[in-house]
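Notes follow once the structure below has been shown.
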Amino acid sequence: MANNIEVGEIKYTPKDFASDQDVRWCPGCGDYAILAQVQRTFPKIPGIKRENIVWVSGIGCSSRFPYYMNTYGFHSIHGRAPAIATGIKLTRPDLQVWVATGDGDLLSIGGNHFIHACRKNVDIKIMLFNNRIYALTKGQYSPTSERGKITKTTPYGSVDYPFNAISLALGANATFVARSIDRDAKHLQAMILRAAQHKGTAFLEIYQNCNIFNDGAFRLLTDKETKEDHVLYLEHGKPMIFGKNKDKGIALNGLEPIVIDLNDGKHSIDDVLVHDENDDSLIRAFILSHLTDHPDFPTPVGVFRQLFQPTYDESVNQQVKEVTEKLGKGDLEKMLFSGNTWTVSDN
Amino acid sequence: MGNGKETEVKQIREVTVRFAGDSGDGMQLTGTQFSDTTASVGNDLSTLPDYPAEIRAPAGTLYGVSGFQLHFSSNDIFTPGDKPDVLVAMNPAALKKNLPDLKPGAMIIVNTDSFDKKNLALAGFESNPLEDGTLSGFEVYDVPITTLTFNALEDVDLSTKDKARSKNFFALGLMYWLFERPLDTTLNWLREKFKNKPELIEANEKALRAGYNFGDITERFTTRYKIEPAKLPAGTYRNISGNEATAWGFIAASVRSGLPLFLGSYPITPASEILQFLSKYKNFNVRTFQAEDEIAGITSAIGAAFAGNLAITTTSGPGLALKTEAIGLAVMTELPLVIVDVQRGGPSTGLPTKTEQADLLQALYGRNGEAPVGVVAAATPSDCFHMAIEASRLALEFMTPVILLSDGYLANGSEPWKIPHVDELPEIKVKFLTEPEGFKPYARDENLVRPWVKPGTPNMEHRIGGLEKANITGNVSYDPENHHQMVTIRAQKVKNMQKVIPDLEVDGDKEGDLLVLGWGSTYGAIKEGVERARRKGYKVSQAHLKYLNPFPKNTGEVLSKFKRILLPEVNMGQLAKVLKSEFLHHGIIQFNLVRGLPFRSTEIEEKIIELLGGGNNGQ
Ligand code: SF4
């Protein structure tokens with residue numbers, strides 16, 4: 001444990017964020033990469049103080065995350081991390097509260113807490129480790145598993161339609177919605193830093209490979225030969241181009257997204273859609289989210305949307321402040337004896 | 001007197017009045033106003049609202065009848081009264097529904113204007129009970145309340161519909177006249193309530209005065225009743241309901257512990273009022289969170305507890321069931337948390353607006369694994385204040401969840417309460433550890449309590465969670481011996497609360513043939529029943545358990561001094577089951593009535609007499 005003395009801004013190293021616990025994920029699990037990128041990124045968060053960080057998690061492989069971070073941590077029960085995080089943030093706005101969660105934890109048993117945290121814009125950062133499988137319970141299909149998937153509970157193939165986590169977060173009005181991939185260290189670090197600096201509910205979906213129960217789920221997006229044609233990096237103010245030769249672009253035909261070929265002599269870079277993270281309207285972000293898993297489109301990663309709105313915790317505490325200013329600090333004795341009272345005297 | 005007619009004033013000791021009408025008739029308001037006025041003239045009183053689960057059931061129907069009963073007296077009283085002496089019935093359905101409950105010869109005041117064909121049919125009367133002799137044996141006053149209200153409001157600028165709304169104030173005014181109550185408490189309330197609607201102040205005031213004057217002018221009433229102020233101990237009093245007292249108790253606990261208060265809650269009958277009350281008191285450093293569901297209600301509170309607050313969650317039985325897993329998490333993480341269960345009739349949705357004591361076993365045992373928590377129960381509406389403080393004190397000082405049991409009867413009932421001064425309230429000792437030297441998250445003090453460290457404290461970063469912990473270090477541990485030790489420690493820690501809770505007291509002889517033992521809201525009925533039996537010469541003692549886990553340390557000894565223990569419960573014998581297994585007492589006699597209603601004191605009295613053989617128990 002590094003001995004940090006509080007003088008001005010503290011300089012941390014990634015090691016300062018590693019706890020003394022042995023990390024116990026399967027060798028090769030994508031969770032290691034995520035942990036490493038978080039520990040590498042945290043020292044870069046402006047003004048960060050280790051004691052002011054709280055990690056909250058639910059149940060699942062990903063939810064072991066808090067044990068490995070040398071910050072305050074709470075490994076709770078299945079699905080409830082966003083609600084616990086809300087209670088912490090509401091009462092302690094000085095803390096930075098992170099949630100580590102998985103696709104079963106957040107989108108199945110914890111779905112209600114997730115959408116309501118987004119809706120209220122509670123200032124918490126939710127990091128979804130999406131491996132599209134129930135891993136800790138040893139391989140049942142999850143709410144993000146693709147249709148037709150054969151797992152222990154779907155021996156004849158799953159007939160469920162999966163959730164698109166980004167669309168769901170957008171639909172619930174999350175003010176920061178982003179996606180990254182465990183294998184893309186640089187991009188993942190950038191997204192973690194962006195989430196850390198967002199005020200309000202920050203939702204970061206991370207495609208995470210479970211090499212034991214769902215190996216290769218994101219192969220197209222991570223293999224050298226395929227990734228450039230299958231990943232679209234969203235960058236604010238930049239045209240949406242992709243492909244090995246950067247010669248394909250996303251355009252809109254009305255509300256219909258299309259892929260255009262920049263070498264076909266008919267289209268130019270000016271026809272390509274320019275990404276605007278801060279677009280108030282949900283429509284474009286929603287269209288982009290639906291390119292996910294589409295056979296004809298690349299899967300977008302990056303920040304889909306970022307809005308700047310008062311946060312829930314801020315508003316709650318503001319109200320406490322205003323009411324206190326208006327009515328004065330509560331006086332218990334006065335309160336007890338206020339209103340309709342009467343006195344019985346000795347006789 | 002207005003008409004020169006002599007009205008006799010009769011002095012009586014106590015009376016039970018019930019107001020009944022459609023759920024849209026404002027009977028709860030009328031009852032509350034009558035209670036506040038009655039309290040302010042110094043009578044002891046106890047109230048019981050009884051309203052349907054539907055907010056506005058179809059007008060005129062039996063299931064749409066809303067009632068409010070109050071019992072007031074110049075003596076100490078403990079229950080809202082068994083059978084009403086006076087019924088105010090605003091429509092035929094209200095009459096029909098309440099008639100069977102009345103004392104023989106009771107006074108009935110009816111609003112004749114509502115006794116038309118349609119309403120009679122809706123109430124299921126084949127002929128008009130005012131004319132067909134149904135009410136012979138009662139002292140009936142038929143008053144055209146609606147018409148008289150309209151007459152009084154002739155020159156008020158309101159629609160007919162709005163004017164009709166004032167008829168409950170006419171009825172209230174008439175009752176004020178009948179029982180010699182002043183109008184000013186209600187007038188002050190009206191002026192405050194309708195500050196911005198002067199026409200409503202005018203209308204309701206006119207209706208109230210018209211009702212009062214009607215009593216004076218009409219020659220129908222020959223008697224008015226006077227109930228002298230009760231001889232209550234000196235002090236300043238207010239009327240308080242159980243839910244209000246619970247909310248205030250937590251504010252007091254927050255002040256006495258120096259911690260900010262956090263309530264995470266999801267609306268549920270009959271507990272929602274606590275959330276409503278507390279959301280008003282933001283200037284007491286109170287934060288309320290209306291969560292997306294019951295589970296988020298408790299888990300947000302667990303988060304707030306981890307963050308260093310006095311954290312509470314409020315609910316009723318169905319909600320407690322949903323919170324079960326999270327309570328286990330608070331047991332495992334050893335965080336302070338108060339869970340309030342305002343019990344209602346169950347199982348499932350059951351009887352949401354009725355009272356019951358059937359969540360005791362759920363509170364004691366309803367969790368997976370060995371998960372003991374503190375359990376306390378309030379005995380009267382005002383006792384909710386003290387037990388909310390006690391629940392907070394135990395949770396904070398022992399770092400563990402504590403369940404506070406209230407119920408629908410306590411929550412909505414009210415009684416005069418001698419207001420305590422803040423410095424008389426228990427102090428709650430809370431210490432946050434800030435010294436990193438040698439810090440271990442699950443180190444323990446002499447009571448086996450672990451330290452509380454607030455996030456934000458430098459160099460004490462640590463992790464807690466629902467997995468079993470190694471004692472002292474708090475690291476995850478699957479070690480078999482450690483698990484057994486931790487299960488034992490958690491149980492012993494709760495048991496250690498015995499060191500700081502008061503002994504069980506006995507009212508009456510400390511040993512003998514019969515002890516009537518109760519818990520929760522049966523207190524009033526038992527107290528009244530026991531006193532009545534004593535007045536008839538029976539020797540019987542009473543004790544009331546407010547701490548249900550752990551029991552006060554002298555409980556076994558108290559019980560062993562009595563041959564028989566009568567145990568009335570509004571459930572099928574839940575405390576009886578626990579006491580039998582814990583203390584092996586063979587003389588426990590269960591008395592169980594599960595009707596969604598509190599016990600009547602006469603039922604207790606009769607049971608005592610039956611047990612003591614009908615004769616004087618001197619022998
Ligand atoms: S089961 Fe899968 S997700 Fe879980 S630790 Fe192993 S590889 Fe990672």
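The values are calculated or read from the model by the stated rules, or taken from the named source; none is laboratory data. Note that the structure is a prediction, hence the values are computed from the model and not measured. For neighbour counting, all protein chains shown are included, and Cβ atoms are generated from backbone atoms with ideal geometry for every residue, glycine included. Side chains are part of the model used for accessible areas, which takes the heavy atoms of the whole protein and leaves out ligands, DNA and RNA. Shrake-Rupley method; radii C 1.70, N 1.55, O 1.52, S 1.80 Å.
May I ask you to say which residue of B:Leu364, B:Leu335, B:Leu329 is in contact (Cβ under 8 Å) with a residue 12 or more places away in the chain, closer than 30 Å to B:Ile472 by Cα and assigned to a loop (DSSP other than H, G, I, E, B)?
After applying the criteria, what remains is B:Leu335.
Quickly run through segment B:387-421 and pick out the residues that are within 13 Å of another protein chain (Cβ to nearest Cβ) and open to solvent by 20 Å² or more (accessible area, probe 1.4 Å).
Correct list: B:Lys418, B:His421.
Might you let me know whether segment A:203-223 holds any residue that is within 12 Å of the chain's Cα centre (by Cα) and away from the ligand (no atom under 16 Å from the Cβ)?
yes
Select, from A:Lys49, A:Lys44, the only residue that is more than 19 Å from the chain's Cα centre (by Cα), surrounded by fewer than 24 Cβ atoms within 10 Å (Cβ to Cβ), away from the ligand (no atom under 16 Å from the Cβ) and of a type in the set (Lys, Arg).
On inspection, the qualifying residue turns out to be A:Lys49.
Could you list, in sequence order, the residues of segment B:94-113 that are farther than 22 Å from B:Pro58 by Cβ and assigned to a strand (DSSP E or B)?
B:Met107, B:Ile108, B:Ile109
Quick one: how many residues across segment A:118-142 are within 16 Å of the ligand (Cβ to nearest atom), modelled with pLDDT of 95 or more and surrounded by fewer than 21 Cβ atoms within 10 Å (Cβ to Cβ)?
So the answer is 1.
Quick one: would you say B:Arg287 is open to solvent by less than 20 Å² (accessible area, probe 1.4 Å), assigned to a strand (DSSP E or B) and of a type outside the set (Val, Ile, Thr)?
No, not satisfied.
Just to be sure I understand the filter: pairs with C-beta atoms under 7 Å, separated by 6 or more residues or on different chains, first member in segment A:17-31 and in contact (Cβ under 8 Å) with a residue 60 or more places away in the chain, second member within 10 Å of the ligand (Cβ to nearest atom) and in a helix (DSSP H, G or I). Which pairs pass?
A:Asp31/A:Ser62
Mind listing whichever residues of segment A:31-41 are open to solvent by 40 Å² or more (accessible area, probe 1.4 Å) and either within 10 Å of the ligand (Cβ to nearest atom) or within 14 Å of chain B (Cβ to nearest Cβ) (or both)?
A:Tyr32
Can you tell me which residues in segment B:436-460 are open to solvent by 10 Å² or more (accessible area, probe 1.4 Å), within 14 Å of chain A (Cβ to nearest Cβ) and more than 25 Å from B:Arg256 (Cβ to Cβ)?
B:Pro436, B:Glu437, B:Gly438, B:Phe439, B:Lys440, B:Pro441, B:Pro458, B:Asn459
Determine the pairs where a residue that is within 14 Å of chain B (Cβ to nearest Cβ), located within segment A:125-137, has a partner that is open to solvent by 10 Å² or more (accessible area, probe 1.4 Å) and near the ligand (Cβ under 10 Å from one of its atoms) with Cβ atoms under 6 Å apart, the partner being 6 or more residues away or on another chain.
A:Leu136/A:Gly60; A:Leu136/A:Cys61
With respect to A:Val23, is the statement that it is in a helix (DSSP H, G or I), within 16 Å of the ligand (Cβ to nearest atom) and in the same structural domain as A:Arg183 (by TED's automatic domain parsing) true?
Considered against the rule, which asks whether it is in a helix (DSSP H, G or I), within 16 Å of the ligand (Cβ to nearest atom) and in the same structural domain as A:Arg183 (by TED's automatic domain parsing), A:Val23 comes out as no.
Residue check, A:Asp346 against (1) surrounded by 14 or more Cβ atoms within 10 Å (Cβ to Cβ); (2) in a loop (DSSP other than H, G, I, E, B), all met but one. Which one?
Going through the list (1) surrounded by 14 or more Cβ atoms within 10 Å (Cβ to Cβ); (2) in a loop (DSSP other than H, G, I, E, B), A:Asp346 breaks only (1).
The conditions are (1) away from chain B (no Cβ under 14 Å); (2) within 16 Å of the ligand (Cβ to nearest atom); (3) open to solvent by 30 Å² or more (accessible area, probe 1.4 Å), and A:Thr13 fails exactly one of them. Which is it?
Unmet for A:Thr13, out of (1) away from chain B (no Cβ under 14 Å); (2) within 16 Å of the ligand (Cβ to nearest atom); (3) open to solvent by 30 Å² or more (accessible area, probe 1.4 Å): (2).
Here is a yes/no grid of residues against (1) within 14 Å of another protein chain (Cβ to nearest Cβ); (2) of a type in the set (Lys, Arg):
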{"residue": "B:Arg181", "(1), (2)": "yes, yes"}
{"residue": "B:Asn196", "(1), (2)": "no, no"}
{"residue": "B:Leu208", "(1), (2)": "no, no"}
{"residue": "B:Gly211", "(1), (2)": "no, no"}
{"residue": "B:Arg220", "(1), (2)": "no, yes"}
{"residue": "B:Tyr225", "(1), (2)": "no, no"}
{"residue": "B:Ala245", "(1), (2)": "yes, no"}
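A:Ile84 - would you say it is within 30 Å of B:Ala311 (Cα to Cα), outside any helix (DSSP H, G or I) and either without any contact (Cβ under 8 Å) to a residue 60 or more places away in the chain or within 14 Å of another protein chain (Cβ to nearest Cβ) (or both)?
So A:Ile84 fails the test.
I'd like the full set of residues that are under 15 Å from B:Gly26 (Cα atoms) and part of a helix (DSSP H, G or I), limited to segment B:162-174.
B:Asp162, B:Lys163, B:Ala164, B:Lys167, B:Asn168, B:Phe169, B:Phe170, B:Ala171, B:Leu172, B:Gly173
Here is a list: A:Gly73, A:Gly28, A:Gly79, A:Gly87. Which entry is on the phi > 0 side of the Ramachandran plot, among the small types (Gly, Ala, Ser) and away from the ligand (no atom under 15 Å from the Cβ)?
So the residue among A:Gly73, A:Gly28, A:Gly79, A:Gly87 that is on the phi > 0 side of the Ramachandran plot, among the small types (Gly, Ala, Ser) and away from the ligand (no atom under 15 Å from the Cβ) is A:Gly79.
Scanning segment A:102-117 for residues that are under 20 Å from A:Arg179 (Cα atoms) and of a type in the set (A, V, I, L, M), which turns out surrounded by the most Cβ atoms within 10 Å (Cβ to Cβ)?
Looking at residues that are under 20 Å from A:Arg179 (Cα atoms) and of a type in the set (A, V, I, L, M), I get A:Leu106.
For segment A:160-244, list the strands (runs of 3 or more DSSP E) that sit wholly inside it and hold at least 1 residues that are in contact (Cβ under 8 Å) with a residue 40 or more places away in the chain and open to solvent by 20 Å² or more (accessible area, probe 1.4 Å); which are they?
A:231-234
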